[in-house]
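Everything on this sheet refers to the single structure shown next.
The values are calculated or read from the model by the stated rules, or taken from the named source; none is laboratory data. Everything quoted here is computed from the prediction, not taken from an experiment. When we count neighbours, we look across all protein chains shown, and the Cβ atoms used for this are built from the backbone with ideal geometry, even at glycine. Protein only, heavy atoms only, side chains kept; ligands, DNA and RNA dropped before computing areas. Shrake-Rupley method; radii C 1.70, N 1.55, O 1.52, S 1.80 Å.
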Amino acid sequence: DTIQASLMCIALIVTPVAVMIDLGGASAATSQVAAINPDMLSMMNGQTTIGIISLLAWGLGYCGQPHILVRFMATRSIRVIPNARRISITWMIFCLAGSVAAGFFGAAFFAGHPELAGAVTENHERVFIELAKALFNPWIAGVLMSAILAAVMSTLSCQLLVCSSTLTEDFYRRLIHPKASSRGMVLLVSIIAIIIARDPNSLVLSLVSYAWAGFGASFGPVILISLWWKRMTRNGALAGMLVGAITVLVWHYFAWFDLYEILPGFILGSLAIIVVSLLDKAPEKEVTDAFNTVERRLVEES
């Protein structure tokens, strides 16, 4: 994970810097972008209130992503969290800034090289790939483009393990075969993913945003509320997951108000947890005692 993260960060810093150098520096590159479209110099120009809310709602998705939650589950102690937070936020700043810079200065680069803009015009998600191919020799370009595989594998490995283990442990072993292996389920999940990815009209960002909303609205409220409210019950958690997932599916299909579906899914899922938990009988004393014990231990360690 460390090597993959480092490779992604380096690639997303080196590539925009190389584009700026090719264009004559940061100021010259910015001027060329302004000549293409002055609105590109303003992050807020053309944005609506719904658009801003939808962009901010992306942050809710982190609370329900299995491949992110397993990292927290692997934490040795609460004492390492502050340092881990600093590293993670620093990494995110560099990666997100590099991603935006690659697209921003890439617009000026391909405007000045129309003979290279064909692949980008057909699919704007190829900007980073085409920049690496155009600006670096094949050896360096290969290393930079392997950062894409690093990003894919860092998420894919956790998603495959979490999905397959959940399906095997929680469903197949309990209902069909108590001694079943999870290897077959890994293969099944992989085949389904390949079928979905074969659609030539689907873009990575659209698929990721849909899955991000589904996971975030289904599991995010359950995770957060379980950490702060010991009155939550099993039925409340189940209701929250179902309501969150169904809301995302329905909202995405109808695209109401152009609002990103994770927000209504997160809100309605949270309400479902609270309402059903309050209507349900209180958790057993053993559950509340465990909650109090963990809470006290966290306070002592912090």
Report summary line: Computed, not fitted: 222 nm per-residue ellipticity of the chain from DSSP H runs ≥ 4 (each -39500 (n - 2.57)), nearest 500, equal to -24500 deg cm²/dmol
Requested in this report: Leaving ligands, DNA and RNA out of it, report the carbon-plus-sulfur percent of the accessible area of the range 1-153 at a 1.4 Å probe.
Outcome: 70 percent
Query - Unit charges at the beta carbon, dipole of the range 78-173: most positive-side option, 78, 107, 162 - result: 78
Requested in this report: Give the shape of the range 200-302 as rounded, prolate or oblate, defined through the alpha-carbon gyration tensor: a ≥ b ≥ c are the square roots of its eigenvalues, a/c under 1.5 means rounded, and otherwise the shape is prolate if a/b is larger than b/c and oblate if not.
Outcome: prolate
Query raised in the report: Any idea what the relative contact order of the range 87-204 is, in percent, if you count C-alpha pairs under 8 Å spaced at least 6 apart?
Result: 16 percent
Query raised in the report: Tell me, what is the percent relative contact order of the chain, built from C-alpha pairs under 8 Å that lie six or more residues apart?
Result: 24 percent
Report task. Beta carbons within 10 angstrom, averaged per residue: use that to sort the peptides 164-176, 131-143, highest first. Result -> 131-143, 164-176
Requested in this report: Over all alpha-carbon pairs in the chain, figure out the percentage whose distance exceeds 23 Å.
Outcome: 67 percent
Query raised in the report: With +1 on each Lys and Arg Cβ and -1 on each Asp and Glu Cβ, how big is the dipole of the range 1-99 about its Cα centre, in debye rounded to the nearest 20?
Result: 580 debye
Report summary line: Rounded to the nearest 10 degrees, the helix 138-166 long axis (Cα) sits at an angle to the longest Cα principal axis of the chain of 10 degrees
Query raised in the report: What's the local net charge at residue 230, with K and R +1, D and E -1, over the other residues with C-beta under 10 Å away?
Result: -1
Query raised in the report: Going by alpha carbons, how many degrees (0 to 90, nearest 10) lie between the helix axis of 234-254 and the longest principal axis of the chain?
Result: 30 degrees
Query raised in the report: Which angle from 0 to 90°, rounded to the nearest 10, does the C-alpha axis of helix 2-23 make with the longest principal axis of the chain?
Result: 30 degrees
**Report entry** Distance between the range 73-121 and the range 1-43 - C-alpha centres, whole angstrom
**Finding:** 10 Å
Report summary line: Computed over the range 105-189, the distribution of all Cα-Cα distances in 5 Å bins, rounded to whole %, is 3, 13, 16, 12, 10, 8, 8, 8, 8, 7, 4, 2, 0
Query - Electrostatic dipole magnitude of the chain [Cβ: Lys, Arg +1; Asp, Glu -1; Cα centre; debye, to 20] - result: 1040 debye
Report task. Quick one: grab the alpha carbon gyration tensor of the range 18-96, order the square roots of its eigenvalues as a ≥ b ≥ c, and give me rounded if a/c is under 1.5, else prolate or oblate depending on whether a/b is larger than b/c. Result -> oblate
Query - Net charge over other residues, Cβ less than 13 angstrom from the Cβ of residue 283 (K, R count +1; D, E count -1) - result: +1
Report summary line: As straight-line cross-link partners of residue 285, the qualifying lysines (C-alpha separation under 23 Å, not fewer than 8 residues apart within one chain) are 230
Requested in this report: Provide the net charge surrounding residue 80, with neighbours chosen by a C-beta distance below 12 Å and charges set as Lys +1, Arg +1, Asp -1, Glu -1.
Outcome: +4
